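A.B. asks: Quick one: this structure, given as structure tokens, is what I'll be asking you about.
The values are calculated or read from the model by the stated rules, or taken from the named source; none is laboratory data. All of these numbers come straight from a predicted model, not from anything done at the bench. With ideal geometry, Cβ positions are generated from the backbone for all residues, glycine too; neighbour counts draw on all protein chains shown. Heads up: the accessible areas ignore ligands, DNA and RNA and are worked out on the full protein's heavy atoms, side chains in. Shrake-Rupley method; radii C 1.70, N 1.55, O 1.52, S 1.80 Å.
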Amino acid sequence: MHAPDYALLLDPPAFPAERYAALADRLAALMSTTNDVLLIQAEAVLALEAAATSLARPGLKALNIVTSPYGTWFGGWLEKGGATVRNLTASPARPVTLEEVERALDEGPDFDLLAIVHAESASGILNPLPAIAALARERGIVTLVDAVASIGGHAFDVDRLGIDIAVIGPQKALAGPAGISAISVSERAWTLLSHDGAPDNSMLSLMDQKKLWLDTGRGALPGTPAPLEFYALEAALDRIESEGLASANRRHKTAAAATRNGLMALGIPTWVEEAHASALVSTAILPDTLEARAFLAAVSQKQGADISGGVGPGAERLIRLNHTGRRAHRDAVKANILAFSGALKSLGHAANTDFALEAAENTYLDAPADGA
Ligand SMILES: *Cc1c(COP(=O)(O)O)cnc(C)c1O
């Protein structure tokens with residue numbers, strides 16, 4: 001294989017000013033929303049920090065649900081801005097339950113904001129977002145959802161769920177560039193964002209984005225945008241739209257089921273039951289006799305596998321098999337199973353690789369045809 005010709009990336013033309021609004025509209029369509037969509041010229045963690053920093057003020061009362069390090073950071077940014085934050089931390093590496101959220105809301109105070117991550121790539125869990133969003137809506141609480149990992153891999157209909165602020169990134173299930181992210185903002189959320197202490201003249205200010213881009217007719221973005229990122233986003237949207245979002249969702253679901261079946265055939269339990277598992281990564285529990293570090297060192301990533309350790313408290317003994325984005329495909333799923341089985345065997349643990357690969361393959365034979 002020849003090395004790619006990176007010189008092709010030099011001297012790109014500016015991204016045409018009239019196409020930014022079209023990109024925002026296409027991202028809005030992926031999120032099924034008529035809310036405003038802001039383009040953030042940075043990786044999605046900055047979009048999350050911008051949302052938290054813009055919302056935070058003394059007197060703001062937030063229920064912040066923590067199911068991974070992302071939630072911990074989000075609560076920290078809110079607190080830094082003077083907000084009163086109740087962190088509701090789920091059992092380590094587990095989804096939060098509706099009952100836990102209901103209890104926290106009942107205990108009060110009267111929260112203005114509820115923040116939650118939809119699906120976690122850190123531990124492979126899926127939070128019960130529809131029920132929690134409905135509960136927050138009933139109580140008139142503004143909702144913020146980190147859907148960076150889930151968009152493209154799970155149904156995420158902002159307007160149907162009534163989500164006020166949604167943060168997404170193209171770099172996970174949408175298989176796009178990591179340098180741009182997006183935030184949808186409802187009318188109710190703009191009201192909460194317009195406060196005296198809101199940051200301005202700041203890259204973290206959503207009000208600046210509103211003033212400088214939305215309210216000026218959505219032409220050129222302020223500053224000097226990175227054109228390569230925008231061309232890459234456009235290409236990623238072309239690809240995902242031509243496949244269809246529903247098909248991408250199904251492709252992830254099938255990859256998760258095939259991975260789960262492959263692991264089961266190896267006698268390896270998965271961390272969460274299917275209803276609470278994300279379709280982005282599957283998490284396996286290592287046999288007690290094996291060390292996570294030794295196992296990961298024994299994994300051969302050579303033939304297209306992508307296997308890593310869990311991230312965050314409670315995930316230390318979990319092994320993640322990545323099937324996000326372009327990896328939500330039979331070849332990548334089987335490469336993961338092959339590598340997982342190979343590592344088990346190299347450490348002296350019995351494993352029937354052929355049986356496991358067949359279990360993964362059979363899942364595809366039974367699944368609706370999605371070209372994966
Ligand atoms: C991936 C991800 C982000 C973005 O973080 P990076 O690790 O910098 O890509 C934010 N939130 C969630 C839930 C994610 O999975």
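A.B. asks: Can you pull out the residues in the range 276-318 that are open to solvent by 30 Å² or more (accessible area, probe 1.4 Å) and in contact with a Phe, Trp or Tyr (Cβ under 7 Å, 6 or more places away or on another chain)?
C.D. replies: I285 - this is the single residue of the range 276-318 that is open to solvent by 30 Å² or more (accessible area, probe 1.4 Å) and in contact with a Phe, Trp or Tyr (Cβ under 7 Å, 6 or more places away or on another chain).
A.B. asks: Identify all residues within the range 175-211 that are among the acidic types (D, E) and assigned to a helix (DSSP H, G or I); write none if there are none.
C.D. replies: E187, D208 - these are the residues of the range 175-211 that are among the acidic types (D, E) and assigned to a helix (DSSP H, G or I).
A.B. asks: How about the range 91-122: which of its residues are open to solvent by less than 30 Å² (accessible area, probe 1.4 Å) and touching a strand residue (DSSP E or B) at 6+ places or on another chain (Cβ under 6 Å)? Please lay out each step first, then the result.
C.D. replies: Initially, the range 91-122 is screened for residues open to solvent by less than 30 Å² (accessible area, probe 1.4 Å), giving 93, 95-96, 101, 104-105, 108, 111, 113-122.
Selection gives P95, V96, A104, F111, L113, L114, A115, I116, V117, H118, A119, S121.
A.B. asks: So A248 ticks every box in (1) in contact with a strand residue (DSSP E or B) (Cβ under 9 Å, 6 or more places away or on another chain); (2) surrounded by 16 or more Cβ atoms within 10 Å (Cβ to Cβ); (3) of a type outside the set (S, T, N, Q) but one. Which box is left unticked?
C.D. replies: Checking A248 against (1) in contact with a strand residue (DSSP E or B) (Cβ under 9 Å, 6 or more places away or on another chain); (2) surrounded by 16 or more Cβ atoms within 10 Å (Cβ to Cβ); (3) of a type outside the set (S, T, N, Q), the one that fails is (1).
A.B. asks: Now for a separate question. Just to verify a result, which residue in the range 38-55, among those that are open to solvent by 10 Å² or more (accessible area, probe 1.4 Å) and not in a helix (DSSP H, G or I), is nearest to the ligand (Cβ to nearest atom)?
C.D. replies: Result: E43.
A.B. asks: Looking at the range 199-213, which of its residues are open to solvent by 30 Å² or more (accessible area, probe 1.4 Å) and in contact with a strand residue (DSSP E or B) (Cβ under 8 Å, 6 or more places away or on another chain)?
C.D. replies: Selection gives Q209, K210.
A.B. asks: Return the pairs, sorted by first residue and then second, in which the second residue is loosely packed, with under 15 Cβ neighbours inside 10 Å, the first residue lies in the range 211-234 and is hydrophobic (A, V, I, L, M, F, W, C), the beta carbons are less than 7 Å apart, and the residues are 6+ apart or on different chains.
C.D. replies: Final answer for the pair search is L212/P222; W213/P222; A220/A17; L228/L9; L228/P12.
A.B. asks: Then there's this: Does the range 319-328 contain any residue that is within 22 Å of G176 (Cα to Cα) and surrounded by fewer than 20 Cβ atoms within 10 Å (Cβ to Cβ)?
C.D. replies: The answer is yes; a qualifying residue exists.
A.B. asks: Also, I was wondering about something else. Taking the range 56-74, which residues are within 16 Å of the ligand (Cβ to nearest atom) and not in a helix (DSSP H, G or I)? Full working, then the answer.
C.D. replies: Of all residues in the range 56-74, those within 16 Å of the ligand (Cβ to nearest atom) come to 64-74.
N64, I65, V66, T67, S68, listed by residue number.
A.B. asks: Further question on the same structure: Inspect all residues belonging to the range 21-37 and state whether any of them is under 25 Å from the mean Cα position of the chain (by Cα), within 16 Å of the ligand (Cβ to nearest atom) and more than 25 Å from N249 (Cα to Cα).
C.D. replies: no
A.B. asks: What are the pairs, 6+ residues apart or on separate chains, where a residue within the range 128-154 that is over 23 Å from K172 (Cβ atoms) has its Cβ under 7 Å from a residue that is of a type in the set (D, E, K, R)?
C.D. replies: L135/E102; I141/D112; V142/D112; V142/D164; V142/R188
A.B. asks: Just give me the residues in the range 103-127 being farther than 12 Å from I65 by Cα and either in contact with a helix residue (DSSP H, G or I) (Cβ under 7 Å, 6 or more places away or on another chain) or within 14 Å of the ligand (Cβ to nearest atom) (or both), in sequence order.
C.D. replies: Going through the range 103-127, the residues farther than 12 Å from I65 by Cα turn out to be 103, 106-112, 119-126.
Listed by number, the residues that qualify are F111, D112, A119, E120, S121, A122, S123, G124, I125, L126.
A.B. asks: Among the residues of the range 251-271 satisfying the criterion of being in contact with a Ser or Thr (Cβ under 7 Å, 6 or more places away or on another chain) and open to solvent by 10 Å² or more (accessible area, probe 1.4 Å), which is farthest from I319 (Cα to Cα)?
C.D. replies: Of the residues in the range 251-271, the ones in contact with a Ser or Thr (Cβ under 7 Å, 6 or more places away or on another chain) are 254, 256-261, 263, 266, 270-271.
Now restrict to residues that are open to solvent by 10 Å² or more (accessible area, probe 1.4 Å): 254, 256-257, 260-261, 266, 270-271.
Numbers: T254: 19, A256: 14, A257: 16, R260: 13, N261: 15, L266: 14, T270: 9, W271: 9 Å.
The extreme case among them is T254.
A.B. asks: Are any residues in the range 221-239 in contact with a helix residue (DSSP H, G or I) (Cβ under 7 Å, 6 or more places away or on another chain) and surrounded by fewer than 16 Cβ atoms within 10 Å (Cβ to Cβ), and if so, which ones?
C.D. replies: P222, L228
A.B. asks: Can you work out which of the residues in the range 158-188 that are of a type in the set (D, E, K, R) and more than 14 Å from the chain's Cα centre (by Cα) is farthest from A51 (Cα to Cα)?
C.D. replies: From the range 158-188, those of a type in the set (D, E, K, R) are 159-160, 164, 172, 187-188; that's our starting set.
Right, trim to more than 14 Å from the chain's Cα centre (by Cα) and you get 159-160, 164, 187-188.
Numbers: D159: 19, R160: 21, D164: 12, E187: 15, R188: 14 Å.
My answer is R160.
A.B. asks: Filter the range 128-143 for residues that are of a type in the set (V, I, T) and within 16 Å of the ligand (Cβ to nearest atom); which is nearest to V281 (Cα to Cα)?
C.D. replies: I132
A.B. asks: If you don't mind, there's one more thing I want to ask. Restricting to the range 185-213, name every residue that is acidic (D, E) and over 12 Å from L38 (Cβ atoms).
C.D. replies: The answer is E187, D196, D200.
A.B. asks: Let me ask something else about it. Restricting the search to the range 329-372, which residues are closer than 13 Å to S300 by Cα, open to solvent by 50 Å² or more (accessible area, probe 1.4 Å) and among the aliphatic types (A, V, I, L, M)?
C.D. replies: L338, L347 - these are the residues of the range 329-372 that are closer than 13 Å to S300 by Cα, open to solvent by 50 Å² or more (accessible area, probe 1.4 Å) and among the aliphatic types (A, V, I, L, M).
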